[in-house]
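Okay, so here's the structure we're looking at.
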Amino acid sequence: MPLIVKDYTWTQTETTVYISIPLKAVKTANVDVLCTDEYLKVSFPPYLFEAFFFQPIEDDKSVAKIGNGAAVFTLPKKESGLWEHLCRSIDKDKQRENREEAVLKTQEKSAEKSKAKATRTQQEKKYTLETMMKLEEEERASIQRMKDEECARATVELEAWKEKQRKMVEEEEARRRMQGTTTHNDKHVHQLKKPTEAHVFPSGEVSCRRELGRAASTAPREAGCIKISFTPRVFPTALRESRVPEEQEWLRKQVEARRAANADLAQLEDLKEEERNPDWLKDKGDAFFRLGNYQAAVNAYDLAIKLNRHIPALFSNRAACHLKMRNLHKAIEDSSRAMELLTPAVADNAAARLKAHVRRGTAFCELELYVEGLQDYQAALQIDPHNQALRADANKIREVVQGTTPSS
């Protein structure tokens, strides 16, 4: 049986009742309060306080302060006036009925609060979802606007390029026509000069004037062929260290790569005229890369590679795009393919080989394959041993491999 608290105090005004209940050294966390408009229960085992109010109160506006060894309640009255007693006298059955009614009211209020909280939560989720959808719609609209602007810019550039090509063709045709007309007029004038000399003067004077004309004027230039000889390519390297065969092999591969650009066009007849030029597509991919539109750059390089799979710059540049988009395995594949095409190793392709090694080494390090990444950086340093930034990166990777620096 709980111990009933009887040493409480209460005071009142016309509108408010104040109750102070000593907690008897019980912790605040162990105090349980149940309050309705006609009933108040404060339970802090093994003690119990109950009050069946003399008149109803405003339980929604009531305030409880629990602490400093006491529980103080401020209870506004529903009707103004002074009470004769704090509690009214009722029998045990009525008390039990009031207790059950208070429990039911408390449960109903708790259910209403839970329902209101769930409704508020649902409204907040709905608002959040609508806000996110609105932001996503604005983002999609912004992306579409950027795409449209880029498409319009590309179309303008394409039309300008076509117009430039057309003007070049027209100028070339006009120049050829002018050269043909000049040659024809020179021949016609030369044919008309010969009969006029014998027509004006007698035979003796004609002979004399012919001699004077030959002495005073230069004879017409005879037609012939001019032989042109080109200076042979000279390699500054000493003969014992010469890489002439490798240089010639590299030049031969470059020529074959350019010729291969036209071999695959029969399979891509649905492409536009400008889209069949790998160099034009490479320039577009480079422009997209500079703008940060890496997926568009990859699409341009993909189409260029379909047209010609023998240009190493296409694979190397696509590897750079995959690095930006964190497609690390694809970056390794493209860098490896670029290095296969960049053979034999000569001075002309040294810069391209350095980029391919650095890009593949970076992808290896991002995959935490530091040994393979260090090998690529060391190969790049052999190409450019004076590159201090490259040497610093290689030293950092070497420290990670040796265990002196944690990987980042």
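The values are calculated or read from the model by the stated rules, or taken from the named source; none is laboratory data. Keep in mind it's a predicted model, so treat the numbers as computed, not measured. Positions of Cβ are generated from backbone atoms using ideal geometry, with glycine treated the same way; all protein chains shown enter the neighbour counts.
So here's what we get for this one:
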{"read-out": "Given (1) over 29 Å from Pro245 (Cβ atoms); (2) surrounded by fewer than 17 Cβ atoms within 10 Å (Cβ to Cβ), index of the condition Asp393 fails", "value": "(2)"}
{"read-out": "Residues being under 20 Å from the mean Cα position of the chain (by Cα) and among the aliphatic types (A, V, I, L, M) - total across segment 133-158", "value": "4"}
{"read-out": "Residue within segment 41-51 that is touching a residue at least 60 places away in the same chain (Cβ under 8 Å), within 16 Å of Glu14 (Cβ to Cβ) and outside any loop (DSSP other than H, G, I, E, B) present", "value": "no"}
{"read-out": "Condition check for Leu82: under 16 Å from Thr16 (Cβ atoms) and either of a type in the set (S, T, N, Q) or part of a loop (DSSP other than H, G, I, E, B) (or both)", "value": "yes"}
{"read-out": "Qualifying residue in segment 39-50 (condition: among the basic types (Lys, Arg) and in contact with a Pro (Cβ under 7 Å, 6 or more places away or on another chain))", "value": "no"}
{"read-out": "Boolean, Arg318 is at pLDDT 90 or above, more than 17 Å from Asn293 (Cα to Cα) and assigned to a helix (DSSP H, G or I)", "value": "no"}
{"read-out": "Every residue from segment 1-40 that is outside any strand (DSSP E or B) and touching a helix residue (DSSP H, G or I) at 6+ places or on another chain (Cβ under 7 Å)", "value": "Thr36, Asp37, Glu38"}
{"read-out": "Among residues of segment 335-364, those that are more than 20 Å from the chain's Cα centre (by Cα) and over 24 Å from Leu251 (Cβ atoms), counted", "value": "4"}
{"read-out": "Enumeration of residues in segment 140-165 that are closer than 22 Å to Phe289 by Cβ and of a type outside the set (A, V, I, L, M)", "value": "Ser142, Gln144, Arg145, Lys147, Asp148, Glu149, Glu150, Cys151, Arg153, Thr155, Glu157, Trp161"}
{"read-out": "Residue match in segment 161-172 (condition: within 30 Å of Ala297 (Cβ to Cβ), in contact with a helix residue (DSSP H, G or I) (Cβ under 9 Å, 6 or more places away or on another chain) and surrounded by 10 or more Cβ atoms within 10 Å (Cβ to Cβ))", "value": "yes"}
{"read-out": "Residue match in segment 72-82 (condition: among the hydroxyl-bearing types (Ser, Thr, Tyr) and buried (at least 16 other Cβ atoms within 10 Å of the Cβ))", "value": "no"}
{"read-out": "Failed item, numbered, when Lys78 is tested on (1) of a type in the set (D, E, K, R); (2) without any contact (Cβ under 8 Å) to a residue 24 or more places away in the chain; (3) touching a Pro at 6+ places or on another chain (Cβ under 8 Å)", "value": "(2)"}
{"read-out": "Residues being surrounded by 23 or more Cβ atoms within 10 Å (Cβ to Cβ) and of a type in the set (A, V, I, L, M) - total across segment 321-338", "value": "3"}
{"read-out": "Search result, residues across segment 292-313 that are touching a residue at least 60 places away in the same chain (Cβ under 8 Å) and either within 21 Å of Ala257 (Cα to Cα) or assigned to a helix (DSSP H, G or I) (or both)", "value": "Ala296"}
{"read-out": "Residue in segment 118-129 that is farther than 30 Å from Leu34 by Cα and within 20 Å of the chain's Cα centre (by Cα) present", "value": "no"}
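Each row is one residue, and each column tells you yes or no for (1) of a type in the set (D, E, K, R); (2) modelled with pLDDT of 90 or more; (3) out of contact with any strand residue (DSSP E or B) (no Cβ under 7 Å at 6 or more places or on another chain); (4) not in a helix (DSSP H, G or I).
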{"residue": "Ala102", "(1), (2), (3), (4)": "no, no, no, no"}
{"residue": "Lys109", "(1), (2), (3), (4)": "yes, no, yes, no"}
{"residue": "Lys147", "(1), (2), (3), (4)": "yes, yes, yes, no"}
{"residue": "Thr196", "(1), (2), (3), (4)": "no, no, yes, no"}
